[in-house]
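A quick write-up on the structure given underneath.
The values are calculated or read from the model by the stated rules, or taken from the named source; none is laboratory data. Because the structure is predicted, anything quoted here is derived from the model rather than measured. When we count neighbours, we look across all protein chains shown, and the Cβ atoms used for this are built from the backbone with ideal geometry, even at glycine.
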Amino acid sequence: MKIARWPLLVAAAFLLAHTPLAALTEVLTERDISYALTIANGSAPTRALFHAPYSLAIEDPTIEQVEVITEFRRFVLAAEKELETGNWMMGRGGYDPKGRTLKDVLRPLEGQVSIRARLRFHPHNNYVTLPAFDILLGDPTLLAINAIRTPHITPATGEPGTRDVIYGATIEVFYNAPTIGDRVLPVRLVSEGKELARISVDFSRVQ
């Protein structure tokens, strides 16, 4: 066995030993929070192994990345971000300067699951506004409760005839976790009325 494989094997053993039996988390418990913080503060292989099932493989030149963000994973991501920026206390379950915990900060998104897509447009596109793009979950389609569409813009250089260029976007659509449950549902990515890709997600296999 190659020594290079040991970090992945250790990470796998860690996740198997600590993963709760419940599947998709609809209500985040204190036990869930403790486990999420453990993952966020773990080794790089442990964190990579945890995040892998949430990334969806889609072959389309416009779709760079698609991922599922459950309430549990959102907590892990938030803790990781705090640690990356040097906010060790917050990233380990403590408080920020305003006396808030991560749970307090993330409370507006309680009970929500989102599908996030990162788009990459053709470099010679003529978009002056973000084109219509939707992420549809389920068949029939579940009711989305919110959507955030963020264009990625390269500012104009200031030279005559130049303009801002929309080179991509991040689209995130939110759904109520209880309407999803532990079942397999299709995710459809639609641009200007045309379906670009479709993939099935087994929500019983993510937390």
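Is it fair to say ASP96 is of a type in the set (Asp, Glu) and surrounded by fewer than 16 Cβ atoms within 10 Å (Cβ to Cβ)?
Values: of a type in the set (Asp, Glu): yes; surrounded by fewer than 16 Cβ atoms within 10 Å (Cβ to Cβ): yes.
Here the answer is yes, as ASP96 does meet what is asked.
Given the options VAL206, VAL201, name the one that is modelled with pLDDT of 95 or more, farther than 24 Å from TYR127 by Cβ, surrounded by 13 or more Cβ atoms within 10 Å (Cβ to Cβ) and touching a Pro at 6+ places or on another chain (Cβ under 8 Å).
Values: VAL206 fails: modelled with pLDDT of 95 or more.
Step by step, each of VAL206, VAL201 is checked, and only VAL201 is modelled with pLDDT of 95 or more, farther than 24 Å from TYR127 by Cβ, surrounded by 13 or more Cβ atoms within 10 Å (Cβ to Cβ) and touching a Pro at 6+ places or on another chain (Cβ under 8 Å).
For first residues located in the range 176-199 and among the β-branched types (Val, Ile, Thr), partners that are in a helix (DSSP H, G or I) and surrounded by 13 or more Cβ atoms within 10 Å (Cβ to Cβ) and lie 6+ apart or on another chain with Cβ distances below 6 Å form the pairs ILE180/PHE203. Among the residues making up the range 144-162, those that are over 24 Å from LEU109 (Cα atoms) and β-branched (Val, Ile, Thr) are ILE153, THR154, THR157, THR162. Filtered by the rule that a residue be modelled with pLDDT of 95 or more and either at positive phi or touching a strand residue (DSSP E or B) at 6+ places or on another chain (Cβ under 9 Å) (or both), the range 66-86 gives VAL66, GLU67, VAL68, ILE69, THR70, GLU71, ARG73, ARG74, LEU77.
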